[in-house]
Amino acid sequence: MLENSLKTERPARRSLWKITGWRILDAWRNALLPNRCAVCGNWVPAIDTPHLISGSIGSGAGDCAGNAAANQCGSALPAALLAAGLSNLATILCDSCRQQVVTVQRPLCTVCGRMFEDREGSDRRCGDCTRQPRYFASARSAVLYISGFRKVVHQFKYRGKTRLAGPFGDILLGTFLRFWGSDDMDLILPVPLHPKRFRQRGFNQACLLMANWNRLDARLAATPRLLVRTRATAPQTGLGKAERRRNIRRAFDVKRPESVRSRRILLVDDVYTTGATVNECARVLMHCGARRVDVLTLARAV
Ligand SMILES: [Zn+2]
Ligand SMILES: [Zn+2]
């Protein structure tokens, strides 16, 4: 899937060299200095932790999710994936940087998934979602997008630290299975990048996060290039809520509208800040006749 998206979107040669250069430097540094934190460069103690999807546990978990015993182990699998992803971060991040990774806990907004500062009470709709109805039914995230974790995501997206995609992918899949099941979705769509941005970066981060998911369950394969970005927008960073909504308006289109009609769709992205981007994607998908759109992101602003 990832390979297909890379082939079809053809990143510019110069960008590929840049990305490849980062990866080669990263690989060399890892070979010479095997245990350095991907964010701050501090030493990381050597820990041998299995990768849940692609490692030895992965085949067992895949069997479990793919057969009638899925319900039996379904409750344990999300927690196991989440724990494996977090523990695998210990091979990539030092203790200090890893402490910046805080998982989203209840109570949270039933719509946008915001974690309430007040830890009392049950899940409920937040003020923003009451005032401003969303086109998506619900949004859920794995971890909080707080200052330290911003650096981690920055390293992943802009500095070619793509080895973070493995543990991030496990954490994201664990979060998906915490809130939904494979039977709940007909289509899984990554939030698309504009081709220009794709050429600069060399990969779509949402695709990369889901690259191993279909090893666990074939139904979890993402469908790239169905939802497309038709307009190159200015970066959303630094814009207010209303500006973000205006900036992203009419930036997406659906290639084959009949493919989304009456379908339950999961939209996947790396970060949920105000929700303007995923809400605009959901608007377009619902306009094309989607039955329901839900959103999953790795991180969420507080
Ligand atoms: Zn560190
Ligand atoms: Zn909300």
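A Förster radius of 30 Å combined with the Cβ-Cβ distance from residue 132 to residue 42 puts the calculated FRET efficiency at roughly 0.10. Here the dipole of the stretch 96-142 is about 160 debye; that uses its Cα centre as origin and unit charges on the Cβ of Lys and Arg (positive) and Asp and Glu (negative). Placing a pseudo-label 7 Å from each Cα along the Cα-to-Cβ vector at residue 231 and residue 154 gives an inter-label distance of 2.9 nm. Taking the average, over residues, of other Cβ atoms within 10 Å as the packing measure, peptides 168-175, 78-85 rank 168-175, 78-85 from highest down. The modelled label-to-label distance between residue 287 and residue 223, using points 7 Å beyond Cα along the C-beta direction, is 1.9 nm. With the simple model of a label 7 Å out from the Cα in the direction of the Cβ, residue 301 to residue 120 spans 2.9 nm. For the stretch 178-258, the square roots of the Cα gyration tensor eigenvalues, ordered a ≥ b ≥ c, give a/c of at least 1.5 with a/b greater than b/c, which places it in the prolate category.
Computed from the alpha carbon atoms alone, the convex hull of the stretch 80-133 holds 116 Å³ per residue. Scoring 242-255, 212-225, 119-132 by mean Cβ neighbours within 10 Å over their residues and listing the highest first yields 212-225, 242-255, 119-132. Using R0 = 35 Å, the C-beta based FRET efficiency linking residue 214 and residue 194 works out to 0.85.
Readers should treat all values here as calculations from the given coordinates under stated rules, not as data from a laboratory. Treat the numbers as computed from the prediction; the structure is a model and nothing was measured. Here the Cβ is made from the backbone with ideal geometry for all residues, glycine too, and neighbour counts use every protein chain on show.
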